[in-house]
Amino acid sequence: MKMKKTLRSIVLACFVSALMPLSSAAQNATLYGYARNYSSPGLVTIAPEHPENATLTSGNVTPTAGAIKDSVMYVVGFDDDFNTIFYSVAITNGKAKKISTVPESYGSPQDMAYNYNDEKMYFITNSANEDVSTSMLGTVDLQTGKFKSVVADLGFYARAFSIAADGTMYYVTRDGILCT
């Protein structure tokens with residue numbers, strides 16, 4: 001009986017110690033994102049031990065919105081001629097690849113989020129209804145870059161949004177109100 005407990009303790013200790021390097025490696029993993037400040041817009045890498053020192057890795061994209069799905073960042077931004085472009089970005093090296101030009105009817109998306117429940121990339125942008133200042137919800141096909149309206153008028157102006165693991169969409173309005 002004592003031998004079984006000892007053996008179980010050794011196996012458990014080996015298992016826990018095998019996991020320890022993984023968690024410390026995850027804590028030191030490089031983070032990726034984009035900067036929208038006007039002095040140096042572009043894609044950035046962020047070292048977790050010094051997040052205040054984000055490093056610009058690519059300045060050829062002026063991003064307005066973006067989200068990551070399966071280690072690929074998808075970004076909507078302007079090129080040097082101010083065309084609105086949908087890009088995929090390899091987060092390992094910051095190389096951007098154009099997927100499509102965003103149709104003018106979708107304006108410049110404000111934010112994006114991927115929904116793992118229905119496997120779609122969503123975006124918010126200004127509503128096509130110029131008489132009111134509200135937002136539109138749409139999807140974009142990650143392979144073709146085709147944009148599609150889902151809800152033409154959300155009834156409020158959203159500045160940011162995210163999608164929870166259960167698929168619930170959360171929006172933050174320009175007045176700072178959280179909506180679902």
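The values are calculated or read from the model by the stated rules, or taken from the named source; none is laboratory data. All values reported here derive from a predicted model rather than from experimental measurement. Glycine also receives a Cβ, built like all others from the backbone with ideal geometry; neighbour counts cover every protein chain displayed.
Quick notes on this structure:
- Odd one out for Ser105, checked against (1) at pLDDT 90 or above; (2) more than 17 Å from the chain's Cα centre (by Cα); (3) not in a loop (DSSP other than H, G, I, E, B): (1)
- Residue in segment 138-147 that is touching a helix residue (DSSP H, G or I) at 6+ places or on another chain (Cβ under 6 Å) and surrounded by 11 or more Cβ atoms within 10 Å (Cβ to Cβ) present: yes
- Residue in segment 53-61 that is assigned to a loop (DSSP other than H, G, I, E, B) and modelled with pLDDT of 75 or more present: yes
- Looking only at residues of segment 66-83 that are farther than 23 Å from Ala29 by Cα and modelled with pLDDT under 90, we find that the one that is farthest from the chain's Cα centre (by Cα) is Asp81.
- Test: residue in segment 113-125 that is modelled with pLDDT under 95, among the acidic types (Asp, Glu), under 22 Å from Gly33 (Cα atoms) and within 18 Å of the chain's Cα centre (by Cα): no
- Comparison of Ser149, Ser133 shows that the only residue that is outside any loop (DSSP other than H, G, I, E, B) and out of contact with any Asp or Glu (no Cβ under 9 Å at 6 or more places or on another chain) is Ser149.
- Pair list, Cβ under 8 Å, 6 or more apart: segment 162-174 residue assigned to a loop (DSSP other than H, G, I, E, B), other residue of a type in the set (A, V, I, L, M) and modelled with pLDDT under 95: Arg174/Ala158
- Filter result for the condition that a residue is of a type in the set (Val, Ile, Thr), assigned to a strand (DSSP E or B) and within 16 Å of Lys69 (Cβ to Cβ), over Ile124, Ile99: Ile99
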